[in-house]
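Since the structure comes first, as structure tokens, the remarks are kept for the end.
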Amino acid sequence: LSWKDLFPIEERLTYLNTASIGLMPIETFEVMKDIVKKKATNGYYQKTLEQLRDDWTDWTNQGAKLLDAKSEEIAFTFNTASGINYVLSGLTWNKGDAIVVNDQEFPTNRFPYEALAAKKELEIRTIHPQDTRVTLDLIKTQLDEKVKLLAISYIQYGTGYRADIKEIVEAVHDIGGYVLLDAIQGLGAMNFSVKDTNVDFIASGGYKWLIGPYNTGIFYCKEELLEKLQTAAIGWLSDTEFLGMDYHKFTYAKDARRFQQSMMPTFGGLVKSMEIINNIGLEKIEKHIFNVTAYLINQLRSLEPRVSIYSSCKPDERSGIVVFEIKDAEKLIEQLFKEKIVVSLRNGRIRVSIHLYNDKEDVDKLINQIHKFIK
Ligand SMILES: Cc1ncc(COP(=O)(O)O)c(C=O)c1O
């Protein structure tokens, strides 16, 4: 059995575009169909408060397993942006505090800091890497005691660069700052662990490499920082009392449920996808991705100099994303779409993403078309 068989992939489609949107497993599709059907036919999500509590326990357990975290450290969100904004609205900011970012981040991982900085008179320090690599050395040039937060992607959306999060976290902690990781391009694909990296906060949408539905995401806050994060995004689940509807005074839940604004059944779709990933195991998925991307890199190299690989190919800097440059990239994309081969164009370059449902055959189909294109 190939992992491809777990997905209802349209016939003849060669899908190499998880960095935009991930496919969804058949089992998750069934969960989502059931949710939509119930919504249309029964309306009421037929569960008692006790059952909802059990759901919550199952969901956070599954999320904790995925991140190698504690279930008390997990909440569910609607996207990456909401998790980032929980951290920004939750920390206490003083005039002059600095936030370190870099110029390769996706806008979601830049704009919220700029907006906050303008409002609270904070300093934004932007790193400008000369190549695709957001290295520890570059980050260190911006670190001093004024830095309260470093925001960085685990995997860069435009290059596939995988940062050494463990080392970066250590350096930021040394000066008393926190690290907020945008992990949407890595969670579900790479063998990531919060215990290993010691990162403080993680925000990620669930609809790319986590192979979950739209409108879902996961948020992680390290246990010892939970009380510090008095986020402004509060809902009825954020209270100490689980789903308490009687009139009473609000107090933040001690665990990450404090970030939970509401409990939507669609999160169950994400949890099903995480369960599938957890059952296969991140180690195996990562190994598969590295095998297929190594093959892709080799095949692309054989097309040099017409094709030039832009991503770093160093083993510890690679990910599921491989980006290359080619003349008339827009035209190539058009030709690929005609052949039902899906990749994306980012900043004038071609971005190929390899996940558990991709294999060498997919790569061969892509390479064949590039061959025809440059002939
Ligand atoms: C690094 C990164 N962060 C965030 C997002 C999207 O954020 P959201 O989940 O809030 O839509 C993307 C989407 O491409 C991304 O690549």
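The numbers here are math on the coordinates, done by the rules we state, and not lab data. All of these numbers come straight from a predicted model, not from anything done at the bench. Methodologically, a virtual Cβ is constructed for each residue, glycine included, from the backbone with ideal geometry; neighbour enumeration extends over all protein chains shown.
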remark   = In debye to the nearest 20, the charge dipole size for the stretch 1-139, taken about the Cα centre with +1 at each Lys and Arg Cβ and -1 at each Asp and Glu Cβ, equals 400
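Specify, per residue and in Å³, the volume enclosed by the convex hull of the alpha carbon atoms belonging to the stretch 228-297. Spell out each step's value before the answer.
On the way: hull volume 10.9 nm³, N = 70.
About 156 Å³ per residue, rounded to a whole number.
So if I take the alpha carbon set of the chain, get Rg, then get Rh from the Kirkwood formula, what is the Rg over Rh ratio?
Working: Rg = 21.3 Å, Rh = 21.6 Å.
Ratio value, two decimals: 0.98.
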task = Compute the Cα gyration tensor for the stretch 172-263, then decide on rounded, prolate or oblate, letting a ≥ b ≥ c be the square roots of its eigenvalues: rounded whenever a/c is under 1.5, prolate when a/b is larger than b/c in the other cases, and oblate in all that remain.
result = oblate
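Output the antiparallel fraction of DSSP beta bridges having both residues in the chain, as a percent to the nearest 5.
Working: 21 of 39 bridges.
Counting only bridges with both partners in the chain, antiparallel ones make up about 55 percent.
May I ask you to list the GluC sites (Glu not before Pro) in the stretch 283-354 that are in a DSSP loop and have at most 16 other Cβ atoms within 10 Å of their Cβ?
Details: sites: Glu283, Glu286, Glu317, Glu325, Glu330, Glu334, Glu339; in loops: Glu339.
Of the GluC sites (Glu not before Pro), the ones in loops of the stretch 283-354 whose Cβ has at most 16 other Cβ atoms within 10 Å are Glu339.
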key: Relative contact order of the stretch 250-375, defined on C-alpha pairs under 8 angstrom at six or more residues apart (%)   = 22
ask   = By how many nm would the segment from Ser308 to Glu145 lengthen if fully extended, with 0.36 nm per residue of separation less the alpha-carbon distance?
value = 54.6 nm
key: Separation of the Ser262 and Asp55 label points, Cα + 7 Å toward Cβ, nm   = 1.3
request  = Tell me the trypsin sites (Lys or Arg not before Pro) within the stretch 64-99 that lie in a loop according to DSSP and have at most 12 other beta-carbon atoms within 10 Å.
outcome  = Lys95
Rel. contact order, % - alpha carbon contacts under 8 angstrom, at least six apart, the chain = 23
task = Quick one: grab the alpha carbon gyration tensor of the stretch 81-226, order the square roots of its eigenvalues as a ≥ b ≥ c, and give me rounded if a/c is under 1.5, else prolate or oblate depending on whether a/b is larger than b/c.
result = rounded
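Taking the Cα centre of the stretch 282-366 as origin, sum charge times position over the Cβ atoms of Lys and Arg (+1) and Asp and Glu (-1), and report the length of that vector in debye to the nearest 20. Provide the component values of the computation, followed by the final result.
Numbers: 15 positive and 14 negative charges, 27 e Å.
With only Lys, Arg, Asp and Glu charged at Cβ, the dipole is about 120 debye.
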request  = Would you list, by chain and number, the lysines whose Cα falls below 28 Å from the Cα of Lys287, excluding same-chain residues fewer than 8 positions away?
outcome  = Lys4, Lys65, Lys70, Lys166, Lys195, Lys208, Lys222, Lys272, Lys314, Lys340, Lys360, Lys365
ask   = Say each of Thr92 and Ile297 gets a label point 7 Å from the Cα, pointing the same way as Cα to Cβ; how far apart are those two points in nm?
value = 4.6
note = Here the gain from full extension of Asn368 to Glu334, 0.36 nm per residue of separation minus their alpha-carbon distance, amounts to 10.8 nm
request  = Quickly work out the Asp246-to-Asn42 label distance, labels modelled 7 Å from Cα along the C-beta direction, and quote it in nm with one decimal.
outcome  = 2.8
